Structure formats: C-alpha cells, structure tokens
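A short write-up of the structure that comes next.
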Amino acid sequence: MAAAAAAGAEEEAAAAAAAAEEERRREGARESEGECGDEGDSDSSADGEDEEKENEAEIQRLEEQLSINAFDYNCHLDLIKLLRQEGELVKLRRARQKMSELFPLTEEIWLDWLKDEIRMASEGTDREKVYELFERAVKDYICPEIWLEYAQYSIGGIGQEGGIEKVRSIFERALTAVGLHVTKGTAIWEAYREFENAILETVQPAAGSIPSPEQQQTLCAQLEKIHTLFRRQLGIPLLDMETTYAEYEEWSEDPIPEAVIKNYKKALQQMEKNKPYEEALLVAETPKLAEYQAYIDFEMKAGDPARIQLIYERALAENCLVPDLWARYNQYLDRQLKVKELVLSAHDRAVRNCPWTVGLWNRYLLAMERHRVDHQIVSENFEKALNAGFIQATDYVEIWQAYLDYLRRRVDFTQDSSKELEELRSAFARAVEYLKQEVEERFSESGDPSCTIMQNWARIEARLCNNMQKARELWDSIMTKGNAKYANMWLEYYNLERAHGDTQHCRKALHRAVQCTSDYPEHVCEVLLSLERIEGTLEDWDAAVQKTENRLARVNEQRVKAAEKEAALVKQEEEKAEQRKQARAEKKASKKAKKMKPGDKRKVEDDDDGEWGQEEEAEQPSKRHKGDGDSTHAEEEVEDMEIETGLFGRSTPARPAVSSKQKEKAPASRKEAPRVLHDSAKDNVTVFVSNLSYSMADPEVKLKELFESCGEVVEIRPIFSNRGTFRGYCYVEFIDEKSALQALGLDRRIVEGRPMFVSPCVDKNKNPDFKVFRYSTALEKHKLFISGLPFSCTKEELEEMCKAHGNVKDIRLVTNRAGKPKGLAYVEYENEAQASQAVLKMDGLTIKENVIKVAISNPPLRKFPDKPEAGRTSQSMVPRQIYGARGKGRTQLSMVPRALQRQSNLVTKAENGMVQNSPATSSASTEEPKKMSNADFARMLLEK
C-alpha cells in the first residue's frame, strides 16, 4: 500500500513537472517564432537577396577549405555561424557533427547546439537523441551550465516510465562532476533541491485531512531526501555557504544536528583558504594560467583527488589549447587516479584540442597500451596522429618510434614467426618509406638523418630475432645515406657485430670504417688495432698496421694542405689590406701636394683627418661595437691630449670659414669642453644609447625628455667628434638601477626616423661573453616568420590581415639600422593552434603584388666560422697594434707621421672581444719603445 501511494504521488509530481516543462518549451517556441519573425522583417529589406547570395558563396568556400584542411578550427566556427544564420538545419547539424569528431566543442557551441535540437525535438525517439547529445556534451568538458541544462531538460520526461529516477540519476552525476565547483556548484545543488521540493508539494496531504500511514511514510521519506541534500551541500566549501545555512535553518522544523554544524564550520574554514585563489581568478585577465597553476599547487598539497581533478578541468575549460596544461593533467591521472575511463577520456580530449603536439599523442598511445585497449583502436588513433599536421619533421620520427615501441612489446620473440612480428617488420618498413616520401617532401628533410628507426630495427633483428643477415642489410642501407663518414656510426655497427655477429664481420666493418671515416679516423684506427691485438693473427696485425698508417698519412697530408690553403688566404688578405693602405697614403699625399698652401697646412690636415677616419671606419667596421659601454674611452683620451697641448684651442693663423652645416651648428663650447671619461663603477645605473641620427640637434634635451619617463636622469653624455658634431651615441646615467632597467624597454623606439638602440652599459673586455639580443633564437611554435612583404606594408595592415586567424599578441616589422623596412616580420599569437592555422591560410598569399612566405618562427643556429671567408679581411689575421680597451681613436691616425709609427707585437682578436698574443709573435721582443709626450707629437707635426 505504501509503495502504491508513493508511486501515485510520484506520478502526480511527474505530471506537474511535465506540465511545467511543456510550458517552458512553449515559451521557448514562442521566443523562437518571435526571432524568426524579426529575421523575416530584416530579410524583407532591399539587399536581402544579395546578402543571401554572398552567404551561400561564403558557405561553399568554407566547405571547400575544410575539404582541404579538416583541422581548420576557425573555418569550422565560421561555417557553423553562417549555417545557423541561414537556417540550414540539416547542413548545420552535419557541420557540428564533423567538428565534434575532430575537436572538443566549447561550452557556448554545445549550448547553442543543444538548444537548437531541443526546439526541433518531439517526444519519443527525438528526446532520446537529445539525451545522447547531452551525454556527448558532458564528456568534452566539465561544465556546470551544460549539466544544469541536462538536468532541467530531463525533468520534462519524468512522465515516462522511470522518469523521476532518471532525473535523480542525472542530478547525482552532475553533483559528482561539478558539485565541488566553488563558484558554480551551488546552482546544481539548488536546482536539485527545488526538484525534490516540487515532489514534496505533491505528496503533502490536503489541508484539513489526516494522512494515512502510507502517506505519512512517503512524506517522511521525501523530507529526509531534502534534509540529506542540505547536509551534503553544507559539508562542501562553496561560495555563499552562509545563505544556504540560513535557508536550512528556516526550512527545517528541527534543530540542526551538531555533526552537520561541525562539518559546516570545517567547510567554511576550507572556503576561507580557497577564497584568495578564487578572487585571483576573478580579477585576472585571460588566460589566467599563473593563477590556475597556483590554485592547482594548493589543491595538490591538500591531496583531494576530486578537487584536484576539478581545478584542472576548470583550467582546461579556459585554456583548452595549452599543451603543457594537458600534459600535466594527464600525467597526474596516469600516476595517481589510474581510472581507465577517466584517463583515456582526458587523453582523447587532449589530442583533439592540440593535435599538433606530438608529446600528447605519445602519452595517449602509452595510456591505451597501459589500459589494454584493443589493438585496432590503438592503430586507428596512430593513423589519426599521422594526419594531425605536425610542424616539425622530427615530430613524425617521434610518433613513429612510439608506435613501433608499442608493436615491439606485443611480439613474443620466443616464437620463430608470428603475426605480431610480421606486423612489426611491416611497420618498420612503412616508417622508413613514410619518412622518405611524405615527410621529406613536406619539410625537405626526413627528420631522421642518423637513421635511428633503422638502427632500432637492426638491433631488434640482431638481438631478439637472431637475424644478423637482415641487421647487416639495414646497416649497409644506413651507411649509404651519408653516415659512412662518421666514426660513431661505424662503432655502433661494430658493437652490434661484436655482440651478435662474428670476428670476421667485425674486422670487415672496421676496415671499411678506417677507409671512410673523416671526422675521427684516429679513433677508428685505434679500435681496429685493439681488435687485432686481442684476436688477430700476425698477418691480420700487419695488415691493420699498414692500413691505419696509410690512412693516417693521407689524413695528415690533407690537413697540411688545408692549413696551407688557409694560410695562403690569410696572406692574400694581408696583401690586399697593405695595398689598400698604400693607396690611401698615396691619395693623401696627392691631396696635400695639390691643396697645401703656406698657412693652410692646419686646415688640410684636419680635412684629411676626416676623410681618413671615414675610410678607416669603412675598412674595419668592427672597431665600433654596438652597445659596448667603453666605446669611446681611447678616443676621448686622445682628444684630451690634443686639447692639453693646444692643438684645438690655441691661436692659429686666420682660417677660412667652414661651409658644412653640421659644423656651423656645432657649438664651440663642445670643442673646448673637457672630455669626461665614463666611470665603470656606474655601469649598473647607466645605459648605452646608439644608432641615433647624426643630425640630431641638442641631443641632451631631446633624450632627457624621452628617458625621464623611466626615472630621474642624473646626466646625459652625448659623444661628439673633435669638430663638435654628434656621433650618434651617448651614455644616459640614472639615479638608481631600477630606472636604468626600465629604460631598456625603450630599445628600438623610433627617434627621428631611426630605431634607437638601448643596451646595458657593459665593458666587454671584462665580460667577453656578454651579448644582448632581446628576441628568442629558438623554435617558437606560437610565433610566425613572414618574408616577402612589400616595403610599404604597415604594422596596422599586417595586424588586420593576421587577426582573422586568431588573437595577435605582438607584431614586429624588421628594419635596418636606418629604420627602413626589410620586408620581414614576426607575428606572435596567443597559442600554437592559432599560429598553425595562420600558416596554412596565409602562406603563399599575394599582398600588393608580393607573394609572402609564412612559417613557424625557427631561426637557424648562428654559425661562427673558424676561418675567414674569401674576399674579406679577417680581424684575427690583420696586424694591429695594442691600444686602449676600445682600440685607437680615428683622429690619432692622422696625427702620427708614418715615419714615427713603430711596429709592435701582432695580436689577434678572438670572437668574444678579448685581445690575445698571436702564436706567430709569441717569441718577439717585449721591450717597449721609448714613449713620447703629447707635446713632442704636436711639435713634430707643427715643425714639418
């Protein structure tokens, strides 16, 4: 009787809830009709037909593009948006279905899809299809809104058999999935309680009537369900817990038990600990990775698996395209939870979100093998990985190796032959062919230059299959692919023969190695002699000695020839440098003979000095080092000496007026002002500014206005030539180190049409390894390198073109030192997915009649040649004299007569800027010549 009464009450509740759901659906239908009416009004406009045709053409274009590249995420979104706008329901459903097979859909996409299907669904089979769609939706991401929509939709079906229990089941699953969500979990709990309260209303006895024992029992059972929900919720740290507690106090007729109060206070304390992390997420800007990581670390210390899983899922819902986050989450599930359905689901979502990341595919293969997934499913997922569009050739080598490892572990090598072994061999052969054909065609390289896959195949054949003949064939193929010149490859093969072959083949391999190796022939010769010393006969020993001696003799002969060729190049460059030097001297003498008049000697020398300095600068541009803190010390010292002796300040015969505009502008005070040497003790509060315009008027005033935004400026020291013209660089000294560091942010700022270079003030003689380059030189998968741009292309035009494929974080147009564009640019996106899509869409586009090339930013490694290139003068080979920390000032060259110049020890300048004695002159006399004073130099010049 009691059961019958309870069933009757639940049926009444079902009918009431169904009626409410039906009313809600009708309201939704009316809203939909209203929207359709509005759309009809808009379509009645004059250009409605044109817009419809444009949309149809765009839909066709997007469908064609997806047929070429099915992994174009943004293209899927655009197509779904257009189809929904046009009301193409059949195509819309198909487009959503295709996208969901390739990518997990976001909360917004799922909710739109579900609402559209709910509006079109009727009773019976259509409702079941909507249920199936909800089941797919809740698997993509843990989303409270989707679970809430699922539960509310299920209420409309409680009139069916078992409807109430199905609703309760969905609510319980929702609580398990998102009931711990600190900010959104409360909505699920409240919706569940409202449903149970609606059931309670239907089992309440009529006013004034006395309930039967069966009705009383049903009523008590329903009340207990609601009590249980309140108590469960109060034991979980959720936002606005105090309101829930007050609501429970008001609702309950009995006092709240002490155990419930205790659990509530404990949850409240936990909520206080969580609150700082929730507040940080609330105010943080997207993508909030740092805030989520801090929250994850906090939950990891607490150690509650359910809460750790939930915070990971929350982070991934907002950062679904971050491979590292997926990798950390999957690692946690693999090592800690180890629940098959949960682990495999997370791995599957990871590779669907970030298909271009080979590491996620490798972990997925391992997880499937770990949980004994059917071999057919593993193979299918591997094929998906091959079609995922990796951005490096080495990624394909890595995924093939992971799959081959999986196949190798399936083989029982105790049997001579098996289906698994044949499948492994077939896979190895396919891998070699795939890298040779598919990968090499796309990347112009196989990604496996040392043939690691073939090496592993040979090891398996030799060690596990006892098939040395096949292993030798494989190694012979490896050597024919350009690896025969490397000693380590031959020694790898030798070790394999040593372990699983015989002495005859070992000897044969080493003899071939001695003949072919070009990088370390001595090592191979030593191994051959060691073999013959232990196992060979006298004849074998004699043959090995003769072969190694002949080979090493040829190697030494080749090395001597190479050294002689290099020396000849050096000598040739020295001769060319000497010829240029003589030509300059003759030119100088010729000008003196033509222009020199009595009384004008001083002017001619000054003019020649300027020309000499320019030629010297063009001849050896490396004398001026960009960003070096002591770049003008020696020049300033020379100018100080000249000023002291009166070369620039003393009274001289009347001189003609200088016609140069720059000389007219240069204040006389700059010529006469004493030079202030840079104090290296202030390097930490000083920045070095270069690449400024030589024509800049009042650089102190101009630069002070610019750098005062970084902090208080103590002094700006622009560097001027002897004639008072600005030389394009200066020192800026701040009051504290913080301001100097902030000033580095002005690097590359455009000043008077040129990019200004701002670098730390560092003496490279004291810190030879110090280098300043603000941009990464490694692979950056979220950044693009674009070449072939028209020089007229602006940053705004490029940004407008690039933002169609994702969120652009930064754009850098590459310019030369004068600020002129070079047709190159770097574009940084938020993540790898957007960058990959941009490459596929933009590569080969035509912009202003220029065809651009777009690729992932991966600068080549910088190579530093050991020997000078032909046609160029190597610094290490040109004789130079030892001067100050920055070399000799240009003005000093014209002040010293050639007859007085003395030859000092030759020096070589290493790549890092340190000056070292040349080996060729290490035995030269170290006796210093007699030093002459500044006055002596001046007197000689004036008397001549």
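The values are calculated or read from the model by the stated rules, or taken from the named source; none is laboratory data. From a predicted model like this one, the values you see are computed outputs, not experimental measurements. Here Cβ is always computed from backbone atoms with ideal geometry, including for glycine, and neighbour counts include all displayed protein chains. Surface accessibility is based on the protein's heavy atoms, side chains included, excluding ligands, DNA and RNA. Shrake-Rupley method; radii C 1.70, N 1.55, O 1.52, S 1.80 Å.
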What are the pairs with Cβ atoms under 7 angstrom where one residue, in segment 799-815, is modelled with pLDDT of 85 or more and open to solvent by less than 70 Å² (accessible area, probe 1.4 Å) and the other, located anywhere, is of a type in the set (K, R) and assigned to a helix (DSSP H, G or I)? Sequence gap at least six, or different chains. I811/K795; L813/K795
Under the condition of being in contact (Cβ under 8 Å) with a residue 12 or more places away in the chain and surrounded by 15 or more Cβ atoms within 10 Å (Cβ to Cβ), which residue from segment 253-267 is farthest from L229 (Cα to Cα)? A267
Could you list, in sequence order, the residues of segment 531-548 that are free of Cβ contacts under 8 Å to residues at least 24 places away in the same chain and either loosely packed, with under 11 Cβ neighbours inside 10 Å or not in a helix (DSSP H, G or I) (or both)? I534, T537, L538, E539, Q546
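One residue is enough: does segment 698-714 have a residue meeting the conditions part of a strand (DSSP E or B), surrounded by fewer than 19 Cβ atoms within 10 Å (Cβ to Cβ), touching a strand residue (DSSP E or B) at 6+ places or on another chain (Cβ under 6 Å) and free of Cβ contacts under 8 Å to residues at least 40 places away in the same chain?
So in segment 698-714, the residues part of a strand (DSSP E or B) come out as 713-714.
From the residues that got through so far, the ones that are surrounded by fewer than 19 Cβ atoms within 10 Å (Cβ to Cβ) too are 714.
Within this subset, residues satisfying the condition of being touching a strand residue (DSSP E or B) at 6+ places or on another chain (Cβ under 6 Å) are 714.
Within this subset, residues satisfying the condition of being free of Cβ contacts under 8 Å to residues at least 40 places away in the same chain are 714.
Among the residues of segment 698-714, at least one is part of a strand (DSSP E or B), surrounded by fewer than 19 Cβ atoms within 10 Å (Cβ to Cβ), touching a strand residue (DSSP E or B) at 6+ places or on another chain (Cβ under 6 Å) and free of Cβ contacts under 8 Å to residues at least 40 places away in the same chain, which makes the answer yes.
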Reported set for segment 776-798 where residues are hydrophobic (A, V, I, L, M, F, W, C) and either open to solvent by 30 Å² or more (accessible area, probe 1.4 Å) or modelled with pLDDT under 85 (or both) is A778, L779, F785, F791
Quick one: would you say V322 is on the phi < 0 side of the Ramachandran plot, without any contact (Cβ under 8 Å) to a residue 60 or more places away in the chain and of a type in the set (V, I, T)? no
Would you mind stating whether E398 is under 22 Å from N858 (Cβ atoms) and among the acidic types (D, E)? yes
Here are the criteria: (1) closer than 26 Å to L365 by Cα; (2) at pLDDT 95 or above. Tell me which single one L474 does not satisfy. (1)
Number of positions in segment 380-414 that are among the small types (G, A, S) and without any contact (Cβ under 8 Å) to a residue 24 or more places away in the chain: 0
Quick check on L175: is it assigned to a helix (DSSP H, G or I), within 30 Å of N74 (Cα to Cα) and at pLDDT 90 or above? no
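Which of the residues belonging to segment 271-303 are outside any helix (DSSP H, G or I) and surrounded by fewer than 13 Cβ atoms within 10 Å (Cβ to Cβ)?
E285, T286, G303
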Across segment 132-147, the tally of residues that are buried (at least 17 other Cβ atoms within 10 Å of the Cβ) and assigned to a helix (DSSP H, G or I) stands at 8
Checked segment 206-248 for anything small (G, A, S), touching a residue at least 24 places away in the same chain (Cβ under 8 Å) and part of a loop (DSSP other than H, G, I, E, B); matches are S212, G235
Tell me yes or no: at least one residue of segment 154-164 is without any contact (Cβ under 8 Å) to a residue 60 or more places away in the chain, among the aliphatic types (A, V, I, L, M) and assigned to a helix (DSSP H, G or I). no
Across segment 824-856, which residue is farthest from E64 (Cα to Cα) among those that are more than 19 Å from the chain's Cα centre (by Cα) and surrounded by 18 or more Cβ atoms within 10 Å (Cβ to Cβ)? I852
Need the failing condition index for S417 against (1) modelled with pLDDT under 90; (2) open to solvent by less than 70 Å² (accessible area, probe 1.4 Å), just the number. (2)
Within segment 719-739, how many residues turn out to be under 39 Å from the mean Cα position of the chain (by Cα), open to solvent by 10 Å² or more (accessible area, probe 1.4 Å) and under 12 Å from N691 (Cα atoms)? 2
Being modelled with pLDDT of 95 or more, over 30 Å from H227 (Cα atoms) and not aromatic (F, W, Y) narrows R335, R349, R328 down to just R328
Over segment 715-746, the set of residues at positive phi and not in a loop (DSSP other than H, G, I, E, B) is G728
